[in-house]
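The values are calculated or read from the model by the stated rules, or taken from the named source; none is laboratory data. As the structure is a computational prediction, the values presented were derived from the model and not from experiment. Glycine gets a Cβ as well: all are built from the backbone with ideal geometry, and neighbour counts include every protein chain shown.
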Amino acid sequence: MSPRRNRPRGGDKPVGHEGMNRNSLDRMETWQGEEWVVRQVGGGAAAKHYRCPGCDQEIPPGVAHVVAWQQHMGADDRRHWHKACWNARDRRSAKLQRSRNAPRY
């Protein structure tokens, strides 16, 4: 006897927004009067070094973080943020000064 199958075997596709090309993991947030697309990236999917615009520190590979971009700018202008920095973005200063010998990426 085979085990019982709890998942449906296909059938109708779930009802959603037709023509939407965004990933289902994306969500929309409003910040400073702009619409932002925000995506959570798990540690297993983070494979490169990124520079967080909130704290100007490096996000190493393997660390979960947030990717955000303005809706009208498109995904080419994505920025990778620490989760805490994204949540505290209203309390962060806009003019961060990087030292001369800091890497620029």
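Tabulated data for the structure shown
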{"read-out": "Total residues in the stretch 27-63, condition in contact with a Pro (Cβ under 9 Å, 6 or more places away or on another chain), among the aliphatic types (A, V, I, L, M) and at pLDDT 90 or above", "value": "0"}
{"read-out": "Some residue of the stretch 4-26 being surrounded by 14 or more Cβ atoms within 10 Å (Cβ to Cβ) and either modelled with pLDDT under 90 or charged (D, E, K, R) (or both)", "value": "yes"}
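Condition check ((1) assigned to a loop (DSSP other than H, G, I, E, B); (2) of a type in the set (A, V, I, L, M); (3) modelled with pLDDT under 85; (4) in contact with a helix residue (DSSP H, G or I) (Cβ under 9 Å, 6 or more places away or on another chain)) across all residues:
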position	(1), (2), (3), (4)
Val66	no, yes, no, yes
Trp69	no, no, no, yes
Ala94	yes, yes, yes, no
Arg98	yes, no, yes, no
Arg104	yes, no, yes, no
